[in-house]
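Novice: Handing you this structure, nothing more for now.
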Amino acid sequence: MEDVKENQAQPSVAVMMTQEGKYIPSEWIFEQGDWRIKQLADVGDKNLGKRKVITHPDYSNLLQLDVNIPIGSDIEGTQISATYNRTLKTFFIYGLRLGVGSMDLPKEVITDKGDFGDLVSSNKKYFFADVQAGAQLPLKISSVFLIPNAKGIFGVNCGNKTKSLNCGFSLGAQVAYRLSGKTYLIGGIDFQRKFFLSQDYDLSDDDKFPPYNILGIHLGIAW
C-alpha cells in the first residue's frame, strides 16, 4: 500500500508540443529522477473532421493563373487572367480576378456602316475585372486535398466598343498538393456561366449578346 501511495504522489505536468506548426497535448510524469511521457495525443492529422473534411486548412491565401476558354461562343475569345482568393472560416472564399480578353465583333458594330449582312469581324481587346465569392468543401483524399467549390461572379469589361457589366456563377474543383510546410501547389478546373447586364454594343436595336459558357483551367500557389 505504501508503494501505491508513493506512485500516486508522483508529480505530473501537461505540455503542449508542436509538429509542423500544430499543437499536440501531452502529459509528463517525474519517475526515478527523470521526466517520462505519461500520455501523448494522437499525432494524426488534427485538421480533419468527420468524413475527411478539413476543418482548419493550413492556408488562407491563393494566387493563381487562369486560362478561360469560351464554349460555343462565336464572339468571345480566350481570356488570360490572374486570381487572388482568400479563405474565410474554412468553407467560404472570396477574391478578385484581373485579366485580358478579346471579342470578334461584326464590322458594323464597330463602324455603324454598311450592310448588316456583312459578317466581316474586327477583333477587339479588352481588360476585365471580376469579383468572386462563394463556398468550398475541402476534403482529404489520400496524399492530396480535393476542394469542390461554387462561386457567384460580378464583373466589368473595359475597352473600345467592349464596355459591359456581367454576372454569373462558376462550379469547379481544385486539387492541392503540399510542397513544404504550409505551402501548396494547386490546380483546378471550373465551368462558368456568364450573363450580360449591360453592354456598349448591339447586333440590332433590340438584340443583346446571349449568355455564354467558359471552361476555366487554373494553376497556382496557396499559403
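The values are calculated or read from the model by the stated rules, or taken from the named source; none is laboratory data. Quantities reported herein were computed from a predicted structural model and do not represent experimental measurements. As a convention, Cβ positions derive from the backbone with ideal geometry for all residues, glycine included, and neighbour counts pool all protein chains shown. The protein model used for the area step is the full one, side chains on, heavy atoms only, and it has no ligands, DNA or RNA in it. Shrake-Rupley method; radii C 1.70, N 1.55, O 1.52, S 1.80 Å.
Novice: Under 9 Å from the Cβ of residue 217, count the other residues' Cβ atoms, weight Lys and Arg +1, Asp and Glu -1, and hand me the total. Could the numbers behind the result be given before it?
Specialist: Working: positive: none; negative: 66, 190.
Around residue 217, the surrounding residues sum to -2.
Novice: Once the convex hull of the alpha carbons of region 131-195 is built, what does its volume come to per residue, in cubic angstrom? Provide the component values of the computation, followed by the final result.
Specialist: Details: hull volume 6.9 nm³, N = 65.
Hull volume normalised by residue count: 106 Å³.
Novice: Need one value: the accessible area of residue 127 in square angstrom, 1.4 angstrom probe, rounded to the nearest 10.
Specialist: Here the residue's solvent-accessible area equals roughly 100 Å².
Novice: Pairs 89/182; 52/89; 124/161; 124/163; 89/194; 124/151: which are spaced more than 19 Å apart, C-alpha to C-alpha? If you can, show how the numbers build up before the last one.
Specialist: Numbers: 89/182 17 Å; 52/89 17 Å; 124/161 8 Å; 124/163 11 Å; 89/194 27 Å; 124/151 28 Å.
Checking Cα-Cα distances, 89/194; 124/151 exceed 19 Å.
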